[in-house]
Amino acid sequence: MAVADKERVLKLREEINYHNYRYYVLDDPEIPDSEYDRLLRELQALEEKHPELITNDSPTQRVGAQPLASFSEIKHLQPMLSLNNAFSDEEVLDFVRRAKEKLQYDQVSSEIVYAAEPKLDGLAISLLYENGQLIRGATRGDGVTGEDVTQNVRTIDAIPLKLMGEQFPSRLEVRGEVVMTKSGFNKLNEIQRDKGEKVFANPRNAAAGSLRQLDPKVTATRPLMFYSYAVGLVEGGSIPDTQTAVLARLKDWGLPVNSEIKQVQGASGCLEYYNEIGAKRDQLDYDIDGVVYKVDKLVEQEELGFVSRAPRWAIAHKFAAQEEMTRLLAIDIQVGRTGALTPVARLEPVFVGGVTVTNATLHNQDEIERKDIRVGDTVIVRRAGDVIPEVVSSIKAKRKKGARKFKLPTQCPVCGSEVIRLENEAVSRCTGGLFCDAQRKESIKHFASRKAMDIEGLGDKLVEQLVDADMVHDLSDIFHLELSKLAGLDRMAEKSAKNLLDALEKSKSTTLDRFIFSLGIRQVGETTAKTLAQYFGSLPAVMSASEEALIDVPDVGPVVAESIVHFFNEPHNTAVIKKLQAAGVHWDDVEVDKSKPQPLADQIFVVTGTLSTMSRDEAKQALQALGAKVTGSVSKKTDYVVVGENPGSKATKAEALGITILDEDSLHALLTNSAAK
Ligand code: IVH
């Protein structure tokens with residue numbers, strides 16, 4: 001019995017190591033996580049039954065040790081070097097030219113082969129394997145001595161406790177980078193925030209903090225990854241003769257190697273790689289801060305040698321830094337299209353992520369409090385890819401005495417209306433709506449848009465001109481525009497001014513649902529506006545509806561209801577509505593017929609692609625008339641997807657989710673049959 005158990009234990013370990021290898025090294029798992037967990041639990045149970053079978057390299061023994069009081073020092077068997085940096089193409093060309101010179105390559109007709117690698121933005125560590133067993137792990141430290149983080153390194157599943165194969169050297173130092181994945185970092189921060197614990201500024205800090213935990217149980221919960229990029233000491237065995245082959249060998253031994261590594265030729269190959277990786281940077285699930293070019297042949301590396309602590313055979317070609325330090329001069333409040341108040345940091349100009357940044361978002365009040373950011377602080381600004389620059393943190397040690405905490409105003413800085421913050425929302429909003437200057441341009445644009453009042457000729461540019469020229473204060477003013485004044489505007493001929501007035505006149509005759517939608521009430525889109533019109537039948541009925549009454553309306557939840565009530569409670573808004581009606585905007589009340597059959601009630605449709613017999617909007621209206629709900633994106637809740645010509649990804653997604661797909665003919669059949677019911 002015990003013999004059978006022992007065999008099973010050995011078999012399980014082998015299997016688990018193999019699946020780890022599939023997952024972390026090959027990035028190609030064979031079994032689902034649940035099956036992996038099952039194997040691990042079975043092994044745990046057997047080891048509990050036979051503690052004498054437990055070995056240090058068993059996959060169950062990753063998290064074992066007690067918390068440390070402090071880290072001890074370790075001397076690396078071979079020093080860990082650093083890299084020189086290149087910040088421009090010219091510096092790379094120089095680097096390549098010098099290497100060619102020293103290696104006596106012909107500058108014109110021959111090229112050095114390089115291993116081009118991403119420069120991972122994490123934490124360098126050195127792993128020592130003796131006879132294939134992971135003996136210890138150390139941080140880089142000053143390159144000569146580092147900290148012993150063995151028990152933390154052991155918790156990283158990507159790092160094998162035992163090498164695979166047989167041909168490994170009896171002593172081997174493996175160098176590489178511990179990184180935290182971006183996705184893991186975001187999840188970790190969410191958890192930390194929920195627990196009210198420290199939130200990390202970026203994945204590198206999070207990786208470093210995780211690895212320098214005294215309690216390995218904490219490290220074990222952190223989403224860390226490891227990529228090997230070099231070897232240190234090699235004793236009692238040999239390694240191949242190029243960097244590329246060395247990494248391939250490490251991979252064979254079960255060590256993860258980054259999959260973006262490539263062999264390139266000469267300076268042009270290096271620069272091409274730099275651009276390639278630069279373009280991919282945002283899609284990678286780990287941060288990189290540049291690329292590294294390494295002369296591929298080890299004999300050539302040896303010939304090139306070192307200058308002080310950095311090799312002449314390698315260089316780091318850096319991307320523009322994504323984080324820089326600067327001073328927070330002031331916090332301004334920006335009022336957005338929907339009235340959202342966004343605190344914006346005014347910064348001492350700083351070059352970051354390839355551009356000069358003077359403003360950055362502070363997101364909202366909660367974020368400012370969480371990061372404890374105050375005017376006058378020295379702050380870290382981050383600009384990654386196309387993302388809006390943000391203030392990541394403030395350096396508390398540099399804070400001036402008397403720096404005061406920041407509070408969002410309770411009244412809109414633009415129009416003075418009350419600022420509210422809805423439950424479960426991080427954002428505070430101005431309730432001024434149509435009255436608020438900052439929101440006016442956007443709300444007029446919305447009012448005039450095709451699905452709202454559909455005022456032809458009143459485009460975005462013109463709206464801005466009209467507001468800037470002080471010709472329009474509130475929505476109703478657009479119906480009092482005069483030909484002579486309009487024609488005086490830039491790029492406005494008399495003919496187009498006349499057309500605009502005609503369009504304005506025509507738009508006055510509208511429908512209740514369009515009018516409600518036009519008002520730009522937060523949370524009230526086209527569909528909700530329709531529902532409200534149908535349910536209440538008249539504007540006064542909608543305006544006087546209580547939150548409770550609104551919640552009874554199909555598809556209106558508490559958040560929408562609260563927003564509607566707030567809108568109509570604001571006297572500015574009701575005044576504008578009155579003025580619009582006085583200017584001649586009118587519609588017919590809707591007959592409220594709750595007994596109308598709704599054969600497609602509760603059915604959720606998505607319409608995609610081009611239909612030949614009707615527009616997508618018409619299809620939508622026809623479906624809605626029968627009670628169906630028509631949404632814009634396919635999800636598990638979708639019942640039917642109507643597919644026209646050139647449907648794109650929504651159809652693919654529907655297929656993947658097994659949702660019923662209707663072609664145009666089937667849609668017609670469904671509409672006809674349902675209407676007949
Ligand atoms: S090789 C002699 N390769 O950059 C060369 N380093 O300044 C030793 N790094 O501390 C390093 N990605 O943390 C190398 N693909 C890569 C790298 C890399 C990131 C870091 C490493 C090291 C620093 C060198």
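What shape does region 522-677 take by its C-alpha gyration tensor, where a ≥ b ≥ c are the square roots of the eigenvalues and a/c under 1.5 counts as rounded, a/b above b/c as prolate, and the rest as oblate?
The shape class here is prolate.
Measuring from label point to label point, each 7 Å out along Cα→Cβ, what is the I135 to R616 span in nm?
Modelled inter-label distance: 6.4 nm.
For the chain, with only Lys/Arg (+1) and Asp/Glu (-1) charged at the beta-carbon, what is the dipole magnitude about the Cα centre, in debye rounded to 20?
Roughly 1640 debye for the chain.
Please report Rg (one decimal) and Dmax (integer) in Å for the Cα set of region 178-247.
In order Rg, Dmax, the Cα atoms of region 178-247 give 16.6, 51 Å.
Which translational diffusion coefficient, to the nearest whole µm²/s, is obtained for region 436-520 from the Stokes-Einstein equation, given a Kirkwood hydrodynamic radius over C-alpha pairs, 25 °C and 0.890 mPa s?
Value of D from the Cα-based Kirkwood radius: 191 µm²/s.
I'd like the Karplus ³J(HN,Hα) series for region 239-254: coefficients 6.51, -1.76, 1.60, θ = phi - 60°, whole numbers in Hz, and an x wherever there's a Gly or Pro.
Residue by residue, region 239-254 yields 10, x, 9, 9, 4, 4, 6, 4, 5, 4, 5, 4, 4, 4, 7, x Hz.
Counting only other residues whose beta carbon sits under 9 Å from that of L233, what net charge do I get with K and R as +1, D and E as -1?
Taking every Cβ under 9 Å from that of L233, the sum is -1.
Short version: ³J(HN,Hα) in whole Hz for each residue of region 536-551, in order, from phi by Karplus 6.51 cos²θ - 1.76 cosθ + 1.60 (θ = phi - 60°), x for Gly and Pro, what are they?
Listing the rounded values in order: 9, x, 9, 5, x, 5, 5, 5, 9, 5, 7, 4, 4, 5, 5, 5 Hz.
Ordered by packing density, taken as the mean number of other Cβ atoms within 10 Å over each peptide's residues, highest first, how do 408-414, 557-563 rank?
In decreasing order of mean packing, 408-414, 557-563 become 557-563, 408-414.
Just from the alpha-carbon atoms, what are the Rg and Dmax of region 555-615 in angstroms?
Looking at region 555-615, its Cα Rg and Dmax stand at 18.0, 46 Å.
Suppose all protein chains stay in the model; what accessible area per residue would a 1.4 Å probe give for the chain, in Å²?
Per-residue accessible area for the chain comes out at 50 Å².
So who's got an amide H within less than 5 Å of the one on V149, skipping anything under 5 residues away but keeping other chains? H placed 1.01 Å off N, in plane.
Close amide H contacts, sequence-distant or interchain: G137, A138, T139.
Pick out, from P343, I577, L670, the residue whose Cα sits farthest towards the positive end of the charge dipole of the chain, with +1 on the Cβ of Lys and Arg and -1 on the Cβ of Asp and Glu.
With unit charges placed on the Cβ atoms, the residue in question is P343.
First measure r as the distance between the Cβ atoms of E272 and L103, then evaluate 1/(1 + (r/R0)^6) with R0 = 25 Å and state the FRET efficiency to the nearest 0.05.
Rounded to the nearest 0.05, the efficiency is 0.70.
Just order 280-288, 532-540, 200-208 by mean Cβ neighbour count inside 10 Å, highest at the front, would you?
The densest-packed peptide leads the list: 200-208, 532-540, 280-288.
Which of L247, G196, I159 sits closest to the plus end of the dipole of region 130-248, meaning its Cα is farthest towards the positive end, when Lys and Arg get +1 and Asp and Glu get -1 on the C-beta?
Comparing the listed Cα positions along the dipole, G196 ranks first.
Run a plain Debye calculation on region 583-644 (Cα atoms as equal point scatterers, no solvent) and give log10 I(q)/I(0) at q = 0.15, 0.21, 0.30 Å⁻¹, rounded to two decimals, same order as the q list.
-0.56, -0.86, -1.26
From Cα coordinates alone, what are the radius of gyration and Dmax values for the chain in angstrom?
Cα only, the chain: 32.8, 102 Å (Rg, Dmax).
When the helices in the chain are scored as -39500 (n - 2.57) per DSSP H run of 4 or longer and the sum is shared across all residues, what 222 nm value do you end up with, to the nearest 500 deg cm²/dmol?
-10500 deg cm²/dmol
Please work out the Kirkwood hydrodynamic radius for region 320-410, using every pair of different C-alpha atoms, and report it in angstroms with one decimal place.
Mean inverse Cα-Cα distance, inverted, gives 13.2 Å.
Using a 1.4 Å probe over the heavy atoms of the protein chains, calculate the carbon and sulfur portion of the accessible area of the chain as a whole percent.
Solvent-exposed carbon and sulfur of the chain make up 49 percent of the total.
Please give the contour-minus-distance gain from K508 to I661: 0.36 nm per residue of separation, less the Cα-Cα distance, rounded to one decimal in nm.
Roughly 51.1 nm would be gained on extension.
Treat each spin label as a single point 7 Å out from the Cα along the C-beta direction, and report the S34 to F306 distance in nm.
About 5.2 nm separates the two model spin labels.
Dipole of region 38-179, Cα-centred, from +1 at each Lys and Arg C-beta and -1 at each Asp and Glu C-beta, to the nearest 20 debye?
The dipole of region 38-179 has a size of about 320 debye.
Please turn the phi angles of region 135-140 into ³J(HN,Hα) values with the Karplus equation 6.51 cos²θ - 1.76 cosθ + 1.60 (θ = phi - 60°), one per residue in order, whole Hz, x for glycine and proline.
These are the phi-based 3J(HN,Hα) values: 9, 7, x, 9, 6, 5 Hz.
Contour minus end-to-end for D252 and D282, with contour as 0.36 nm per residue of separation and end-to-end as the Cα-Cα distance?
This chain segment gains 7.9 nm when fully extended.
How big is the charge dipole of region 221-358 about its Cα centre, in debye rounded to the nearest 20, if each Lys and Arg gets +1 on its Cβ and each Asp and Glu gets -1 on its Cβ?
300
Per 5 Å bin, what percent of the C-alpha pairs of region 74-160 does each bin hold, from zero upward?
3, 11, 16, 16, 14, 12, 10, 11, 6, 2, 0
Whole angstrom only: what separates the Cα centroid of region 217-232 from the Cα centroid of region 312-359?
Between the Cα centres of region 217-232 and region 312-359 lies a distance of 30 Å.
With a bin width of 5 angstrom, please list the P(r) values of region 339-487 as percents of all Cα-Cα pairs, from the 0 bin to the one holding the largest distance.
2, 8, 14, 14, 13, 14, 13, 10, 6, 4, 2, 1, 0
Can you tell which of M492, A438, T510 lies farthest toward the positive end of the dipole of region 424-558, using +1 and -1 charges on the Cβ of basic and acidic side chains (Lys, Arg; Asp, Glu)?
M492
Please give the contour-minus-distance gain from K578 to V355: 0.36 nm per residue of separation, less the Cα-Cα distance, rounded to one decimal in nm.
75.5 nm
If you check each cysteine of the chain for another cysteine whose beta-carbon is under 4.7 Å away, which ones come up empty?
Result for the chain is C270, no neighbouring Cys Cβ within the cutoff.
The values are calculated or read from the model by the stated rules, or taken from the named source; none is laboratory data. Since this is a predicted model, take the numbers as computed values, not measurements. In this analysis, Cβ positions are derived from the backbone assuming ideal geometry, glycine residues included, and neighbour counts consider all displayed protein chains. Each accessible area value is taken on the protein alone, full model and side chains, heavy atoms only, with ligands, DNA and RNA left out. Shrake-Rupley method; radii C 1.70, N 1.55, O 1.52, S 1.80 Å.
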